[in-house]
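Okay, so here's the structure we're looking at.
The values are calculated or read from the model by the stated rules, or taken from the named source; none is laboratory data. Note that this is a predicted model, so its numbers are computed, not measured. All Cβ positions, even for glycine, are placed from backbone atoms using ideal geometry, and neighbour counts span all protein chains on display.
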Amino acid sequence: MRDAHWRSLYGVSYAVFDSVVSNLRPYIAASNLSLPPDYAVALVLSRLCHGYSAKTVASRSSLDPYLVSKITNMVTRLLATKLYPEVIKIPSSRRRLMETTQGFEELTSLPNICGAIDGSPIKVRKVDRNLMNSYKCKYGYDAVLLQVVADHKKMFWDVCVKAPGGSDDASHFRDSLLYNRLFSGDIVWDKVINVRSNLVRPYIVGDWCYPLLSFLMTPFSPDGAGTPAQNLFDGMLMKGRSVVVEAIGLLKARWKILQDLNVGLNHVPQTIVACCVLHNLCQLTREPEPEIYKDPDENGPPARMLEGEKQYYYFGESLRQALADDLHQRLSSR
């Protein structure tokens, strides 16, 4: 009963709430804030959970709207900086990598998938008129782009909020730290398998809005125009990608402020990242999953290959075909 009540107020059970307070208490206590840490966290979680404006929260708690905004900015910044490294981690340990790839293989029959990537526009207010064109997303409203990579449990292991809503997924990905680390070889997963004489390292999967690379597999065709082996591969790949779509839907359902973000533009990235941290805590502690919030269906042209990506693209092409042929042979022989 208590947990149900806490979830209705703050989006999380009492245990998760208490854990957040315990982690942030030293930082909040060291600030000039005149409110107790648990009160500050409760105020911010209620705002994130229900999407309340600073004015609404201020009137309900008899506080000044400016103070509510200040508390929100402080708590979301702490969540996005102090808790992020603890709960949003690349699956680098061998144990977690094995668990993740096995989880995806059970879902898709494809080996060595370690994550699924997708982007989602987050609707924002208070955009400067001079910037409106770059923030207008393909659905017609002002937004920033959120990019996440999720594992088979719908937990994020990478989050990036760098691009205005007018950008496309491929450009946002190429501008991210994750792309630079994968492209430069800074991230090397120690799990190599042989598929038809091709050495396949762990890779992430995405839709056709992302570039095909040796570390990012995308579908052959967005409309089922490939061979039987290619179409089978595409269906399984998109099945694996579905976990990140569901993860984003859960994120926006749990933290309704992300359906219409009413904070200053400078504080938008940290607020989004804070909600991603809270989402992972919910998945980690197996909080009940709400009905998924659904974005409009994805559309857009396939990503173009850049000159500097040729080597990764051609290597990715041969890996993808080998994976498709191997999958088709394995499933056909059953």
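Quick notes
- The lone criterion from (1) part of a loop (DSSP other than H, G, I, E, B); (2) over 26 Å from the mean Cα position of the chain (by Cα); (3) within 29 Å of ASP175 (Cα to Cα) left unmet by ARG304 is number (2).
- Residues within the range 122-146 that are within 16 Å of the chain's Cα centre (by Cα) and either under 17 Å from LEU97 (Cβ atoms) or surrounded by fewer than 22 Cβ atoms within 10 Å (Cβ to Cβ) (or both), tallied: 1
- Checking ASP207 against (1) of a type outside the set (Lys, Arg); (2) assigned to a helix (DSSP H, G or I); (3) in contact (Cβ under 8 Å) with a residue 40 or more places away in the chain; (4) farther than 20 Å from GLU99 by Cα, the condition it does not meet: (2)
- Check on ARG47, out of contact with any strand residue (DSSP E or B) (no Cβ under 7 Å at 6 or more places or on another chain), surrounded by 15 or more Cβ atoms within 10 Å (Cβ to Cβ) and not assigned by TED's automatic domain parsing to the domain that holds VAL195: yes
- Any hit, the range 105-112, residues being without any contact (Cβ under 8 Å) to a residue 60 or more places away in the chain, surrounded by fewer than 17 Cβ atoms within 10 Å (Cβ to Cβ) and either among the charged types (D, E, K, R) or in a helix (DSSP H, G or I) (or both): yes
- Test result for LEU278, under 30 Å from LYS123 (Cα atoms), buried (at least 17 other Cβ atoms within 10 Å of the Cβ), in contact with a Ser or Thr (Cβ under 9 Å, 6 or more places away or on another chain) and at pLDDT 95 or above: no
- Of the candidates LEU110, LEU178, the single residue that is in the same structural domain as VAL243 (by TED's automatic domain parsing), touching a strand residue (DSSP E or B) at 6+ places or on another chain (Cβ under 7 Å) and not small (Gly, Ala, Ser) is LEU178.
- Failed condition for GLY103, given (1) at pLDDT 95 or above; (2) in contact with a Gly (Cβ under 9 Å, 6 or more places away or on another chain); (3) not charged (D, E, K, R): (2)
- Residue in the range 89-99 that is surrounded by 22 or more Cβ atoms within 10 Å (Cβ to Cβ) and either in a helix (DSSP H, G or I) or over 20 Å from the mean Cα position of the chain (by Cα) (or both) present: no
Residue-by-condition table, conditions (1) at positive phi; (2) of a type in the set (A, V, I, L, M); (3) touching a Cys at 6+ places or on another chain (Cβ under 8 Å):
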site: PRO37; (1), (2), (3): no, no, no
site: ALA42; (1), (2), (3): no, yes, no
site: LEU45; (1), (2), (3): no, yes, no
site: GLY51; (1), (2), (3): yes, no, no
site: PRO65; (1), (2), (3): no, no, no
site: VAL75; (1), (2), (3): no, yes, no
site: LEU79; (1), (2), (3): no, yes, no
site: LEU83; (1), (2), (3): no, yes, no
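Quick grid of which residues meet (1) in contact with a Lys or Arg (Cβ under 8 Å, 6 or more places away or on another chain); (2) among the aromatic types (Phe, Trp, Tyr); (3) part of a helix (DSSP H, G or I); (4) closer than 16 Å to GLN147 by Cα:
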{"site": "GLY235", "(1), (2), (3), (4)": "no, no, yes, no"}
{"site": "MET238", "(1), (2), (3), (4)": "no, no, yes, no"}
{"site": "ILE248", "(1), (2), (3), (4)": "no, no, yes, yes"}
{"site": "ASN280", "(1), (2), (3), (4)": "no, no, yes, yes"}
{"site": "GLU289", "(1), (2), (3), (4)": "no, no, no, no"}
{"site": "GLY308", "(1), (2), (3), (4)": "no, no, yes, no"}
{"site": "TYR312", "(1), (2), (3), (4)": "no, yes, yes, no"}
{"site": "GLY316", "(1), (2), (3), (4)": "no, no, yes, no"}
{"site": "LEU331", "(1), (2), (3), (4)": "no, no, yes, no"}
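- Every listed requirement among (1) in a loop (DSSP other than H, G, I, E, B); (2) more than 22 Å from ARG241 (Cα to Cα) is met by ALA143 save one, (1).
- Residues satisfying the criterion are absent from the range 153-162 (criterion: charged (D, E, K, R) and crowded, with 24+ Cβ neighbours inside 10 Å).
- In the range 12-28, the residue that is nearest to GLU289 (Cα to Cα) out of those that are in a helix (DSSP H, G or I) and among the polar types (S, T, N, Q) is SER19.
- Test result for VAL273, under 21 Å from TYR139 (Cβ atoms) and among the β-branched types (Val, Ile, Thr): no
- Any hit, the range 52-66, residues being out of contact with any Gly (no Cβ under 7 Å at 6 or more places or on another chain), under 11 Å from ALA274 (Cβ atoms) and either among the charged types (D, E, K, R) or buried (at least 21 other Cβ atoms within 10 Å of the Cβ) (or both): no
- When residues of the range 56-88 are limited to those that are at pLDDT below 95 and not in a helix (DSSP H, G or I), the one farthest from the chain's Cα centre (by Cα): SER62
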